[in-house]
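*Asks:* What follows is a structure written as structure tokens; I'll ask about it next.
The values are calculated or read from the model by the stated rules, or taken from the named source; none is laboratory data. Predicted model only: the values in this text are computed from it and were never measured. Here the Cβ positions follow ideal geometry from the backbone for every residue, glycine too, while neighbour counts run over all protein chains shown. To get the accessible areas, we keep the full protein, side chains included, count just its heavy atoms, and leave off ligands, DNA and RNA. Shrake-Rupley method; radii C 1.70, N 1.55, O 1.52, S 1.80 Å.
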Number of protein chains: 2
Amino acid sequence: MTAINETHDPALRSWVASANEQTTDFPIQNLPFGVFSRGPGGPGVGVAIGDQILNVSACLEANLLESDAAFAAAEACRSGTLNALMTADRLSVSGLRLELSRLLRDEESGGSGARAAASLLVPMSDARMHVPADIGDYTDFYASVDHATNIGKMFRPDNPLLPNYKHVPIGYHGRASSIVASGATVRRPRGQTKAADAEAPSFGPSRLLDYEAEVGFYVAGSNRRGDAIPIGRAEESIFGFCLVNDWSARDIQAWEYQPLGPFLSKNFATTVSPWVVTSEALAPFRAPARARGADEPSPLPYLFSAANEEEGGLALTLEVLLLTEKMRADGAEPVRLSRGSFADMFWTPAQMLAHHASNGCNLRPGDLLASGTVSGSSDDSRGCLMELTSRGAKPITLPNGEERCFLEDGDEVLMRGSCRRTGFVTVGFGECRGVVESASK
Amino acid sequence: MTAINETHDPALRSWVASANEQTTDFPIQNLPFGVFSRGPGGPGVGVAIGDQILNVSACLEANLLESDAAFAAAEACRSGTLNALMTADRLSVSGLRLELSRLLRDEESGGSGARAAASLLVPMSDARMHVPADIGDYTDFYASVDHATNIGKMFRPDNPLLPNYKHVPIGYHGRASSIVASGATVRRPRGQTKAADAEAPSFGPSRLLDYEAEVGFYVAGSNRRGDAIPIGRAEESIFGFCLVNDWSARDIQAWEYQPLGPFLSKNFATTVSPWVVTSEALAPFRAPARARGADEPSPLPYLFSAANEEEGGLALTLEVLLLTEKMRADGAEPVRLSRGSFADMFWTPAQMLAHHASNGCNLRPGDLLASGTVSGSSDDSRGCLMELTSRGAKPITLPNGEERCFLEDGDEVLMRGSCRRTGFVTVGFGECRGVVESASK
């Protein structure tokens with residue numbers, strides 16, 4: 001695991017004033033990486049600080065980076081995606097974060113480095129954010145036992161959880177091409193559906209459009225095809241984390257998913273939050289893996305390590321908010337639908353990653369793994385409408401009187417995440433949002 | 001559909017003598033594209049002609065291409081993958097094939113162009129073939145109703161075919177990173193399996209390793225996310241075809257696949273034949289879509305076109321051969337295990353592609369779609385060992401007395417494909433082969 005170091009010091013403040021505000025997701029202790037563009041220029045790599053972006057390549061060109069490690073990592077940022085940075089060794093990335101942290105600190109505000117860096121800041125409001133890596137493969141897991149149980153109950157009331165669930169981190173391959181950055185609109189998909197009482201299926205716009213609130217993580221480094229990644233080395237293969245909305249058309253899913261799993265019900269769009277919060281920044285917020293009950297099996301040896309049991313989890317709180325078209329027109333604020341804890345997941349990120357490579361499947365830098373819907377045991381922690389409304393049987397009433405079973409055209413779904421711990425500065429993930437557009441004509 | 005043109009003329013012969021042999025897969029009527037390297041040089045794009053490769057970029061540099069169309073397509077070959085060629089418009093690709101065909105014809109053998117081209121040939125025996133495109137996403141279908149029925153019978157004797165099968169082209173996302181070119185070894189995967197009579201699962205080398213004989217096709221062009229590709233435009237979105245071995249660990253699959261489909265049972269390796277036989281070269285071999293029985297549903301309108309019904313199929317014969325370690329030591333020839341017809345598939349390639357994009361999923365040039373196991377109704381047309389041996393219950397006896405239920409270490413699986421039609425020259429696909437290595441220690 002990554003140790004706590006000086007970049008986590010809660011006493012640190014930045015000369016970027018907005019980074020010191022209580023409400024920011026991006027204090028100087030965070031420094032997540034992202035890919036942005038402004039105006040006609042090509043995309044570049046930046047780190048978020050308050051409401052500003054510091055252009056990493058520009059820092060390199062302005063000779064603001066001193067150590068060999070930081071220099072090498074910043075060189076890797078020149079390509080305009082995070083893939084090369086995710087290929088670089090961890091010490092380089094850590095060295096770059098340390099130098100950027102020092103450059104942005106309050107006590108440096110009078111120095112020449114800080115003055116030069118200040119001229120390289122880009123206001124977030126002027127920037128467009130991109131999917132931060134060329135994602136070679138995207139894998140979606142199903143790691144919340146509460147989600148799996150809640151969904152399973154709808155199909156198999158007597159036997160909600162399948163026999164493999166507590167032994168295997170269940171996952172499937174998602175679609176890389178349709179991963180979009182927060183803010184991209186999502187067109188309601190058309191597809192084949194069949195009502196239970198219909199004789200034959202029909203084709204048309206999905207009527208049961210849903211979101212799924214998930215946590216994603218990007219792969220650092222790679223393994224050769226045929227070689228596994230042991231659980232003890234899985235943490236170092238995780239570059240950092242983001243939020244994921246795995247948009248899902250439940251009516252298409254119900255009809256298509258047997259026997260090979262979800263396909264067109266998912267691959268029309270997946271939204272990611274654009275900032276990648278590094279594993280290093282999250283070191284203070286690690287949590288024990290979910291404890292196994294007396295009646296639950298221990299993880300098989302390839303999924304077990306003492307370190308993972310102790311701190312393989314992550315105390316990340318994930319909120320889902322909704323803003324309907326009417327609320328937007330009325331100037332209302334988004335309303336929170338749920339709040340879940342990523343620490344409640346049955347499998348840790350390291351277990352998912354080690355399982356993924358356990359058969360020799362080669363992971364590549366920039367691959368995205370997502371957790372599956374983050375749901376907890378309480379009603380208000382359910383991370384999708386399918387669960388919150390019991391598949392539409394119990395509509396949600398919003399403060400303005402509108403009801404929702406599933407998403408309507410014009411609905412905006414927003415996800416926010418944060419990690420909090422007494423004695424440390426709260427680290428946030430930025431927004432993961434998207435508006436539903438009507439189906440194509 | 002692509003019309004028959006002068007490149008299909010059966011009277012054409014090449015000054016490359018091996019291209020005129022009855023047994024070649026690569027007569028002058030074929031001219032498939034591939035990516036090869038020789039020695040320390042980087043990969044380049046070539047076309048196969050007999051037992052030789054003509055380097056397309058070298059033809060460009062030697063000023064052997066005259067038309068603007070051919071020039072543009074050859075320019076797209078400079079990158080060392082086929083992605084740019086798959087992005088180029090069809091007329092350019094067709095123009096390049098026409099010029100290469102003219103350059104390689106027997107009657108040109110005395111000309112300066114042919115003499116120059118002869119100096120640019122690379123013997124296949126000196127070349128290493130690569131996966132021909134950067135495959136952004138790989139999707140595997142399940143389009144043989146005979147395969148789906150045979151497999152279904154093993155799990156659900158009374159109800160082998162699920163209710164959605166004849167309405168939906170069932171597919172799932174596969175793994176792009178572990179796609180390898182013919183010849184790469186395949187390490188036996190480890191994984192979780194659970195015997196029916198075992199109390200708990202265990203982790204170890206798969207004991208039920210299988211192949212699946214499939215046909216793959218690469219996407220040409222792209223659609224914007226949110227936009228469908230109508231069935232009437234699906235054929236022009238198919239650049240060309242190859243053979244695919246979807247290696248499968250049946251014991252891992254049986255334990256992991258519910259409810260989200262195959263994952264580690266498949267993603268350890270997928271082998272493709274390296275030559276992409278263009279849709280244009282295959283124009284003479286198109287066949288009607290599989291006729292629907294009176295008790296079978298018609299395709300929904302988004303999967304139906306008169307042209308697809310008439311010639312959406314492809315009369316491609318696919319053979320699987322096995323060479324065991326003992327046979328290799330004894331100098332024996334590979335033995336054929338099965339021979340299936342791709343024209344027997346329940347869904348055509350155009351239907352699979354149109355279905356894939358019907359929800360607005362964006363396809364990209366170089367994406368690979370595969371058909372699923374090609375099996376027919378007869379016993380000797382079953383395209384995997386799971387079917388041929390009834391899940392190991394009926395072992396195959398090989399000519400030398402060895403028996404096989406599933407693949408053993410050292411076994412080499414070879415797939416060959418060809419399209420034949422009276423009045424036309426047979427077009428082949430080259431080999432798709434791989435040897436099973438023992439599991440990692």
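*Asks:* Go over the candidates A:Arg382, A:Arg292 one by one and state the one that is under 20 Å from the mean Cα position of the chain (by Cα) and closer than 19 Å to A:Phe141 by Cβ.
*Replies:* A:Arg382
*Asks:* Mind listing just one residue for me: the one in region A:260-278 that is in contact with an Asp or Glu (Cβ under 7 Å, 6 or more places away or on another chain) and closer than 30 Å to A:Ala48 by Cβ and, of those, farthest from the other protein chains (Cβ to nearest Cβ)?
*Replies:* The extreme case among them is A:Ser273.
*Asks:* Among the residues of region B:122-147, which ones are part of a strand (DSSP E or B) and in contact with a His (Cβ under 9 Å, 6 or more places away or on another chain)?
*Replies:* B:Tyr138, B:Thr139, B:Asp140, B:Phe141
*Asks:* Does A:Ser144 count as polar (S, T, N, Q) and touching an Asp or Glu at 6+ places or on another chain (Cβ under 8 Å)?
*Replies:* yes
*Asks:* Among the residues of region B:417-434, write down those that are farther than 21 Å from B:Thr185 by Cβ and open to solvent by 60 Å² or more (accessible area, probe 1.4 Å).
*Replies:* B:Arg420, B:Arg421, B:Thr422, listed by residue number.
*Asks:* Let me ask something else about it. Please find, among A:Ala370, A:Ala439, A:Ala329, A:Ala357, the residue that is hydrophobic (A, V, I, L, M, F, W, C) and without any contact (Cβ under 8 Å) to a residue 24 or more places away in the chain.
*Replies:* Checking each option against the conditions leaves just A:Ala329.
*Asks:* Additional query: Only residues that are within 30 Å of A:Gln52 (Cβ to Cβ) and touching a Lys or Arg at 6+ places or on another chain (Cβ under 6 Å): list them for region A:120-165, please.
*Replies:* A:Val122, A:Asp126, A:Ala127
*Asks:* Related question: Quick check: anything in region B:121-128 under 27 Å from the mean Cα position of the chain (by Cα), open to solvent by 20 Å² or more (accessible area, probe 1.4 Å) and within 14 Å of chain A (Cβ to nearest Cβ)?
*Replies:* Taking every residue of region B:121-128 in turn, none turns out to be under 27 Å from the mean Cα position of the chain (by Cα), open to solvent by 20 Å² or more (accessible area, probe 1.4 Å) and within 14 Å of chain A (Cβ to nearest Cβ).
*Asks:* Can you find a residue in region A:81-92 that is open to solvent by less than 30 Å² (accessible area, probe 1.4 Å) and more than 23 Å from the chain's Cα centre (by Cα)?
*Replies:* Within region A:81-92 (the criterion being open to solvent by less than 30 Å² (accessible area, probe 1.4 Å) and more than 23 Å from the chain's Cα centre (by Cα)), the answer is yes, since at least one residue qualifies.
*Asks:* Further question: Going by the structure shown, is A:Asp344 acidic (Asp, Glu) and open to solvent by less than 20 Å² (accessible area, probe 1.4 Å)?
*Replies:* It is false that A:Asp344 is acidic (Asp, Glu) and open to solvent by less than 20 Å² (accessible area, probe 1.4 Å).
*Asks:* Counting only residues that are within 14 Å of chain A (Cβ to nearest Cβ) and assigned to a helix (DSSP H, G or I), which one in region B:279-302 is farthest from A:Gly191 (Cα to Cα)?
*Replies:* B:Pro301
*Asks:* Going by the conditions given, is B:Thr23 in contact (Cβ under 8 Å) with a residue 60 or more places away in the chain, assigned to a loop (DSSP other than H, G, I, E, B) and open to solvent by 10 Å² or more (accessible area, probe 1.4 Å)?
*Replies:* Considered against the rule, which asks whether it is in contact (Cβ under 8 Å) with a residue 60 or more places away in the chain, assigned to a loop (DSSP other than H, G, I, E, B) and open to solvent by 10 Å² or more (accessible area, probe 1.4 Å), B:Thr23 comes out as no.
*Asks:* With the structure loaded, tell me whether B:Leu264 is aliphatic (A, V, I, L, M), open to solvent by 20 Å² or more (accessible area, probe 1.4 Å) and touching a residue at least 40 places away in the same chain (Cβ under 8 Å) or whether it fails that test.
*Replies:* Criteria not met by B:Leu264.
*Asks:* From the list B:Glu387, B:Glu408, which residue is acidic (Asp, Glu), under 16 Å from B:Ser248 (Cα atoms) and either open to solvent by 10 Å² or more (accessible area, probe 1.4 Å) or within 19 Å of the chain's Cα centre (by Cα) (or both)?
*Replies:* B:Glu408
*Asks:* What tally of residues in region B:146-172 results from selecting those that are more than 9 Å from every other protein chain (Cβ to nearest Cβ) and β-branched (Val, Ile, Thr)?
*Replies:* Matching residues across region B:146-172 total 1.
*Asks:* Could you grab the pairs with beta carbons closer than 7 Å, sequence gap of 6+ or different chains, first residue in region A:373-399 and free of Cβ contacts under 8 Å to residues at least 24 places away in the same chain, second one of a type in the set (Ser, Thr, Tyr)?
*Replies:* These pairs meet every condition: A:Pro395/A:Thr389.
*Asks:* Scan region B:26-49 residue by residue and report those that are surrounded by fewer than 22 Cβ atoms within 10 Å (Cβ to Cβ) and either part of a helix (DSSP H, G or I) or in contact with a strand residue (DSSP E or B) (Cβ under 8 Å, 6 or more places away or on another chain) (or both).
*Replies:* B:Gln29, B:Ser37, B:Arg38, B:Pro43
*Asks:* Restricting the search to region A:173-202, which residues are at the interface with another protein chain (Cβ under 7 Å from one of its Cβ atoms), within 28 Å of B:Asp367 (Cβ to Cβ) and more than 22 Å from the chain's Cα centre (by Cα)?
*Replies:* Listed by number, the residues that qualify are A:Pro189, A:Arg190, A:Gly191, A:Gln192, A:Pro201.
*Asks:* Of the conditions (1) open to solvent by less than 40 Å² (accessible area, probe 1.4 Å); (2) more than 21 Å from the chain's Cα centre (by Cα), B:Leu414 satisfies every one except a single condition; which number is it?
*Replies:* For B:Leu414, the failing item is (2).
*Asks:* Something else now. Using the structure shown, decide if B:Val215 is farther than 30 Å from A:Ser438 by Cα, at the interface with chain A (Cβ under 10 Å from one of its Cβ atoms) and either among the aliphatic types (A, V, I, L, M) or over 24 Å from the mean Cα position of the chain (by Cα) (or both).
*Replies:* Against the criterion (farther than 30 Å from A:Ser438 by Cα, at the interface with chain A (Cβ under 10 Å from one of its Cβ atoms) and either among the aliphatic types (A, V, I, L, M) or over 24 Å from the mean Cα position of the chain (by Cα) (or both)), B:Val215 does not qualify.
*Asks:* Still on this model: Could you tell me whether A:Gly191 is small (Gly, Ala, Ser) and touching a strand residue (DSSP E or B) at 6+ places or on another chain (Cβ under 7 Å)?
*Replies:* Working: small (Gly, Ala, Ser): yes; touching a strand residue (DSSP E or B) at 6+ places or on another chain (Cβ under 7 Å): yes.
So A:Gly191 passes the test.
*Asks:* Still on this structure, I have one more. Limited to region A:223-259, what total is found for residues that are under 27 Å from A:Ala354 (Cβ atoms), within 11 Å of chain B (Cβ to nearest Cβ) and modelled with pLDDT of 95 or more?
*Replies:* Number of matching residues: 6.
*Asks:* Six or more apart or on different chains, Cβ atoms under 6 Å: show the pairs whose first residue is in region A:273-299 and of a type in the set (Gly, Ala, Ser) and whose second is open to solvent by 10 Å² or more (accessible area, probe 1.4 Å) and not in a helix (DSSP H, G or I).
*Replies:* Taking only residues 6 or more apart or on different chains, the pairs are A:Ser273/A:Ser182; A:Ser279/A:Thr2; A:Ala283/A:Thr2; A:Ala283/A:Ile4; A:Ala287/A:Ala315.
*Asks:* Another one. Could you check region A:148-234 for strands (runs of 3 or more DSSP E) lying wholly inside it with 3 or more residues that are open to solvent by less than 10 Å² (accessible area, probe 1.4 Å)? Even if it seems obvious, please write down each step before you answer.
*Replies:* On the way: elements: A:171-173, A:179-181, A:190-193, A:202-205, A:213-219.
Strands (runs of 3 or more DSSP E) meeting the threshold: A:213-219.
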